[in-house]
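K.L.:
I'd like to ask you about the structure that follows.
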Amino acid sequence: MRIDQQEIRELNNPGTDTHKRCLEGLKTVYSESLIERVVNRLSDFQVALPSWALGAGGTRFGRFSYGGEPGSLEQKIEDIGVIHQLTKTAGAVSLHIPWDIPKDVQAVKELADSLGITFDAMNSNTFQDQEGAAESYRYGSLSSVHQAAREQAVEHNIEVIRIGEQLGSGSLTVWLADGANFPGQYNFQTVLKHAEDSLKKIYRELPEDWKLLIEYKPYEPNFYSTVIQDWGTSFMLANACGEKAFTLVDLGHHLPNTNIEQIVATLMSQGKLGGFHFNDSKYGDDDLTVGSVKPYNLFLIFNELVYGMENNPQNPSLAWMIDASHNIKDPLEDLIQSLEAILIAYAQALLVDREALLEAQQGSDVVRCQEILQDAYRTDVRPLLREARLRSGGAMYPLQAYRELKIRKRLIEERGMRVRATGL
Ligand code: PSV
Ligand code: MN
């Protein structure tokens, strides 16, 4: 389904005066040129949505479905198209193979193109056995002690690259579920060596202008150890592969209280931060709505990202993606909330007075340093987001628009109550 642009205009009209007044209010605090710069940056900022998170998410205890889920890759792209029409921030999709193998590549490309959606990083899946596959990943994939399983996993990743090439993607994200559930299950050094060798084989098949993004995660689905447990291991493997390989930070893949912003700063200084999976969490890889639990943390991360983007030309532009799971919310509403939280943190980080911060840091004025960061964090930047959307033809209030336009009801009418999307 598509939204008629006129519907969006009609929803925006009544709120425009109030919005202009709020924007004027911000101009009494920040210079007009800074406001313009932030609005332009926000308009340019695009986040890829995960194809696997457009249906109801489940846990191992159950899954609570609701209607109108996308039953095909085309419908997933249409859902992202709806979010993009409303937010103007979701101009990309991140596909997961084999869940999203296109039946007709040309038709899928044309559909995405007509909705202004590009194909961001491709994701491989060696954490589930596929029907008819000769080898099982029960004891690992790229790092398995069984050579045939390793070879099958390498082949799968190469196939994902080939599909991505046809679609116009430019990167492959590898997340390895490989690990051990019990001490002694495997030899740490052996499996790490296997992982490195397998990644190098995949890397050799990367097209010239592609990137390999390597995720890390400390636990789950294995609970004693994982082969790529932390950013250091990912960084080491990326270096071993070569200059087209980078570390990907998934916010949920850290032990509690890890200083993620410092990891971001370190990787960017080395030119090795490749991308981001946004989500939020209270305990572990909870895959909750971005910014719903730790918004200040998200701001501090963006503060480092903005600094890095301005000061680390050695680091390539980043692949921004959401990686979440929606157990009880309508996923489209959840994704709209996540996009809003990402843009808020980004806008606040762009408002940080970097000159004053440098001066305060040089003078070891710790109190002032904190004030400068929190001044930016405590600014209500939502008028800047609305302005960016208004200028690009999006909805000033995307979530409200989604509800007023009764999108979920329309999707249920179109697709029925019982479809189930592939994904998590
Ligand atoms: C694993 O937890 C992960 O973060 C990886 O990015 C996967 O590819 C994704 O979730 C979806 O399964
Ligand atoms: Mn992830």
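Here, each number is a calculation from the coordinates, and none is a lab measurement. What you see is a predicted model; the values in this text were computed from it and never measured. Neighbour counts run over all protein chains shown; Cβ positions are idealised from the backbone, glycine included.
K.L.:
May I ask which residue of Leu212, Asn222, His277 lies farthest towards the positive end of the charge dipole of the stretch 180-282, with charges of +1 (Lys, Arg) and -1 (Asp, Glu) on Cβ and the Cα centre as origin?
P.N.:
My answer, from the dipole projection, is Asn222.
K.L.:
Relative contact order of the stretch 5-415, please, whole-number percent, based on alpha carbon pairs below 8 angstrom and at least 6 residues apart.
P.N.:
Numbers: 724 pairs, mean separation 80.7, N = 411.
Rounded, it is 20 percent for the stretch 5-415.
K.L.:
Roughly how many debye, to the nearest 20, is the charge dipole of the chain about its Cα centre, given +1 on each Lys and Arg Cβ, -1 on each Asp and Glu Cβ, and no other charges?
P.N.:
Around 580 debye, computed over the chain.
K.L.:
Ranking Ile83, Ile97 by Cβ neighbours within 10 Å, fewest first, what do you get?
P.N.:
Working: Ile83 26, Ile97 21.
With the sparsest Cβ surroundings first, the list reads Ile97, Ile83.
K.L.:
Another question, if that's okay. Lys/Arg Cβ at +1, Asp/Glu Cβ at -1, dipole of the stretch 5-415 taken about the Cα centre: which of His84, Leu73, Gln6 is farthest positive-ward?
P.N.:
Most positive-ward Cα: Gln6.
K.L.:
Stokes-Einstein diffusion coefficient for the stretch 1-150 at 37 °C in a medium of 0.692 mPa s, Rh from the Kirkwood formula over Cα pairs: what value in µm²/s? Present the calculation step by step, with values, prior to reporting the outcome.
P.N.:
Working: Rh = 19.1 Å.
Once the numbers are plugged in, D ends up at 172 µm²/s.
K.L.:
Filter the trypsin sites (Lys or Arg not before Pro) in the stretch 34-112 to those in DSSP coil with at most 14 other Cβ atoms within 10 Å of their Cβ, and list the result.
P.N.:
Values: sites: Arg37, Arg41, Arg60, Arg63, Lys76, Lys88, Lys103, Lys109; in loops: Arg60, Lys88, Lys103.
Here the sparse-neighbourhood loop sites are Arg60, Lys103.
K.L.:
Mind grabbing the base-10 log of I(q)/I(0) for the stretch 51-116 at q = 0.12 Å⁻¹? Debye formula, identical points on the C-alpha positions, no solvent, two decimal places.
P.N.:
Listed by q, the Debye log ratios stand at -0.33.
K.L.:
HN-Hα J couplings of the stretch 182-199 from phi, Karplus 6.51/-1.76/1.60, θ = phi - 60°, integer Hz, Gly and Pro as x?
P.N.:
Karplus values, whole Hz, x for Gly and Pro: 9, x, x, 4, 8, 8, 3, 5, 5, 5, 5, 5, 4, 4, 4, 4, 5, 4.
K.L.:
Just to check, using Stokes-Einstein with a Kirkwood Rh over alpha carbon pairs, what's the diffusion coefficient of the chain at 4 °C and 1.567 mPa s in µm²/s?
P.N.:
Values: Rh = 22.5 Å.
Calculated translational D: 58 µm²/s.
K.L.:
Among Trp99, Trp231, Trp175, which comes first, then next, by fewest other beta-carbon atoms within 10 Å?
P.N.:
On the way: Trp99 17, Trp231 26, Trp175 22.
Ordered from fewest to most neighbouring Cβ atoms within 10 Å, Trp99, Trp231, Trp175 come out as Trp99, Trp175, Trp231.
K.L.:
Moving on to the next point. So, R0 is 30 Å and r is the distance between the beta-carbons of Glu36 and Asp113; what FRET efficiency does that work out to, to 0.05? Before the final figure, lay out each step's value.
P.N.:
On the way: r = 30 Å, r/R0 = 1.00.
Result of the calculation: an efficiency of 0.50.
K.L.:
Could you please report the charge total around Leu248, scoring K, R as +1 and D, E as -1 over all other residues with beta-carbon less than 11 angstrom from its beta-carbon?
P.N.:
Values: positive: Lys211, Lys217, Lys272; negative: Glu215, Asp250, Asp323.
In short, 0.
K.L.:
Still on this structure: Using Cα centres only, tell me the gap between the stretch 230-244 and the stretch 305-370 in whole Å.
P.N.:
For the stretch 230-244 versus the stretch 305-370, the Cα centre distance is 24 Å.
K.L.:
Charges at C-beta only: +1 for Lys and Arg, -1 for Asp and Glu. How large is the resulting dipole of the stretch 280-358 about its Cα centre, in Debye rounded to 20? Intermediate values should be presented prior to the final figure.
P.N.:
Numbers: 4 positive and 13 negative charges, 34 e Å.
For the stretch 280-358, the charge dipole is close to 160 debye.
K.L.:
Determine, from the Cβ-Cβ distance of Arg354 and Ala134 and an R0 of 51 Å, the FRET efficiency 1/(1 + (r/R0)^6), rounded to the nearest 0.05. Please report the intermediate quantities before stating the final value.
P.N.:
Numbers: r = 55 Å, r/R0 = 1.09.
In this case the efficiency is close to 0.40.
K.L.:
What is the local net charge at Ile117, summed over the other residues whose Cβ is closer than 15 Å to its Cβ (Lys, Arg +1; Asp, Glu -1)?
P.N.:
That sum, taken over residues with Cβ under 15 Å, equals -3.
K.L.:
Report the net charge of residues surrounding Pro383, where surrounding means a beta-carbon distance below 12 angstrom and charges are Lys +1, Arg +1, Asp -1, Glu -1. Please report the intermediate quantities before stating the final value.
P.N.:
Values: positive: Lys20, Arg21, Lys27, Arg382, Arg386, Arg389; negative: Glu24, Asp380, Glu387.
Its environment carries a net charge of +3.
K.L.:
Note down the magnitude of the dipole of the stretch 265-424 about its Cα centre, charges +1 on Lys and Arg C-beta and -1 on Asp and Glu C-beta and zero elsewhere, to the nearest 20 debye.
P.N.:
I would put it at about 840 debye.
K.L.:
Counting each DSSP H run of 4 or more residues in the chain as -39500 (n - 2.57), what helix-only mean residue ellipticity at 222 nm follows after dividing by all residues, to the nearest 500 deg cm²/dmol?
P.N.:
Details: 16 runs with 203 residues, N = 424.
One gets -15000 deg cm²/dmol as the mean residue ellipticity at 222 nm.
K.L.:
Here is a follow-up. Looking at the chain, identify the longest residue range that excludes and avoids all GluC sites (Glu not before Pro) in DSSP loops having at most 11 other Cβ atoms within 10 Å. Intermediate values should be presented prior to the final figure.
P.N.:
Values: sites that count: Glu131, Glu208, Glu243.
Looking at the chain, 244-424 is the longest stretch - no exposed GluC sites (Glu not before Pro) with at most 11 other Cβ atoms within 10 Å.
K.L.:
Which of Ala148, Pro98, Gln189 sits closest to the plus end of the dipole of the stretch 54-190, meaning its Cα is farthest towards the positive end, when Lys and Arg get +1 and Asp and Glu get -1 on the C-beta?
P.N.:
Gln189
K.L.:
By counting other Cβ atoms within 10 Å of each Cβ, how are Trp52, Trp210 ranked from fewest to most? Don't skip to the answer; put the middle values down first.
P.N.:
Details: Trp52 22, Trp210 19.
So the residues, fewest neighbours to most, are Trp210, Trp52.
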